[in-house]
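Structure, as structure tokens:
Every read-out reported here was derived from the displayed coordinates using simple, explicitly stated rules and does not represent laboratory data. All values reported here derive from a predicted model rather than from experimental measurement. Here the Cβ positions follow ideal geometry from the backbone for every residue, glycine too, while neighbour counts run over all protein chains shown.
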Amino acid sequence: MKLRDEKATDEKAPWVERDTMVEASPEEVWEALTDEDRLEEWMAPDVELDPVEGGEISVRDGEDERSGTVETFEENERFAFTWSRPGEGESFVEFTIEALPGGSRVTVVETPIGPTAIAAGGWGSRLLRLSHAMRFAPVA
Amino acid sequence: MRSPAHRHVDAVFDALADPTRRRVVETLARGGTVTASGLAAQLPMTRQAVAKHLSALRSAELVSASKIGRETHYKLRPQPLDEAAHWIQMVSAEWDDRLEALRRTLEKRRSRSQ
């Protein structure tokens, strides 16, 4: 992809990236991320997951429902899927698990899909700053 | 539940996917109201190229245009940017909540097994 040598995007971060440290091994984290019953303990009250690449995932919280396809399923390391609400644009969600002394770091990235949207990766935080700056800029 | 706001956010992200258009947006954000020629003078591109990008930005409602005499003056509309920024903030907050719930369930299970 052209993205890598594109100098105009000075940040390579995706639209949204969050992480957390947990006192649990990568194996324990993996189970919580990829077992249907465990997912229902934290993700949403009703989760269905076919835990293989190409399998289906559906996440339901009352009226709010999203579904998609498992893209990556690398045990204890990486779990990624696409999801979307009916009629809305898809996004790509990826979890990575990293072993730390005494625990793990779990990182999640959510990126709107579409060749154009992905090419814009990294502009999210600049967009936030720009939007914020404009609110306080004198109106011409 | 298909919200018009979400559809619009997609259009905004699409319009901003092009790095050159992002430069046009950033230049407009600094410059108030400008003409295509005025913008071209500040950017390394022709007036025609600027006009093409402005037209794409108008489709995403990121830019408004008004005719004064023979010239068209362009101005950035902050609202769609706010909506896109809002999407980023909302999705970030959702993941913060979910990751916190994940941390709690993992640590609860661990304390039970100890």
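Can you compute the FRET efficiency between B:ALA101 and B:GLN79 using 1/(1 + (r/R0)^6), with r the Cβ-Cβ distance and R0 = 30 Å? Round to the nearest 0.05.
Working: r = 33 Å, r/R0 = 1.09.
E between B:ALA101 and B:GLN79, to the nearest 0.05, is 0.35.
Taking every residue in B:31-40, how many Cβ atoms of other protein chains lie within 10 Å of its Cβ, on average? Provide the component values of the computation, followed by the final result.
Numbers: counts 1, 4, 2, 1, 0, 0, 0, 0, 0, 0.
Neighbouring Cβ atoms belonging to other protein chains average 1 per residue here.
Assuming R0 = 30 Å, can you tell me the calculated FRET efficiency for the pair B:ARG110 and A:GLU74, based on Cβ-Cβ distance, to the nearest 0.05?
Numbers: r = 23 Å, r/R0 = 0.78.
It comes out at approximately 0.80.
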In nanometres, the difference between 0.36 nm per residue of separation and the alpha-carbon distance of B:GLU94 and B:THR72 is 3.7 nm
The answer for trypsin sites (Lys or Arg not before Pro) in segment B:1-109 that fall in a DSSP coil and have at most 14 neighbouring Cβ atoms within 10 Å is B:ARG2, B:ARG70
Output field shielding_mean for B:75-84 (other chain Cβ, 10 Å radius) holds 4
